[in-house]
Amino acid sequence: MERWPALELASTIRHDGDGGVTDDLATTQGTAHWIQAQADLLNGCVPAGEMTADEDLRTEIVALRRAVRALFARAVGPAPPSPADARRLMPAEQALAHLNAVAAREAVVPQLDWPPDGVPAPRLLSAETDPKVRLVAALARASIDFLSGPQCERLRACAAPRCVRYFVKNHGRQEWCKPSCGNRARAARHYRRRRMVVEGGPAPS
């Protein structure tokens, strides 16, 4: 399954499996673990597998996540956004300004690599020496790429009970981010139907 840094960042707010919501970036230790888990996605941008997180870096990534989730909420409209932060979303214009400002913190120059017996491939060269600045800027650029790419049109907020994830829709009738959410949604629907029948009302469609 394809992964996108922007979606991985937004998904650090998720269902905890016990009826609540958890934040993978709530601590510096959790942030460091998440950064290390993104090493393959950020390969060539920053040495994510070797990064150490401090509170300043955690705060910057959380602020970027808030902007990204606000723009995700805009992208899925008029459908409802994730319920995790639907009532406290950053205004879209503020989110755009923040995302663009973070991306601009690192000046990069595109270069073309073309090995004699290989295929041409682009890469970005940076003069920035602070790996933490490079990390946050890379996440912002990846978010810009995601929100301006074709996958943004397939972005959805999972409709399953208690789920707060966003996902990219892979087929026409997909409503949920993963099969377990589909099972939970169908079980909840079945329960509502049975309850309506027991109470003597019309069964919901």
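The values are calculated or read from the model by the stated rules, or taken from the named source; none is laboratory data. Please read all numbers here as calculations on a predicted model, not as lab measurements. Every residue, glycine among them, receives a Cβ derived from its backbone with ideal geometry; neighbour counts consider all protein chains shown. Remember, those area values only see protein heavy atoms, side chains included, never the ligands or the DNA or RNA. Shrake-Rupley method; radii C 1.70, N 1.55, O 1.52, S 1.80 Å.
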ask   = Only one of ARG88, ARG14, ARG3, ARG66 is in a helix (DSSP H, G or I) and either farther than 19 Å from PRO131 by Cα or open to solvent by less than 70 Å² (accessible area, probe 1.4 Å) (or both); which?
value = ARG66
note = Restricting the stretch 153-183 to residues that are open to solvent by less than 20 Å² (accessible area, probe 1.4 Å) and assigned to a helix (DSSP H, G or I), the one nearest to VAL62 (Cα to Cα) turns out to be CYS181
request  = Give the residues of the stretch 134-152 that are open to solvent by 50 Å² or more (accessible area, probe 1.4 Å) and either aromatic (Phe, Trp, Tyr) or within 18 Å of VAL102 (Cβ to Cβ) (or both), sorted by residue number.
outcome  = ARG134, ILE144, ASP145, SER148
request  = Report whether or not GLU106 is touching a strand residue (DSSP E or B) at 6+ places or on another chain (Cβ under 7 Å) and free of Cβ contacts under 8 Å to residues at least 40 places away in the same chain.
outcome  = yes
query = Being in contact with a helix residue (DSSP H, G or I) (Cβ under 8 Å, 6 or more places away or on another chain), part of a helix (DSSP H, G or I) and surrounded by fewer than 17 Cβ atoms within 10 Å (Cβ to Cβ), is that true of even one residue in the stretch 19-36?
reply = yes
query = Out of curiosity, is ALA104 aliphatic (A, V, I, L, M), open to solvent by 60 Å² or more (accessible area, probe 1.4 Å) and modelled with pLDDT of 95 or more?
reply = yes
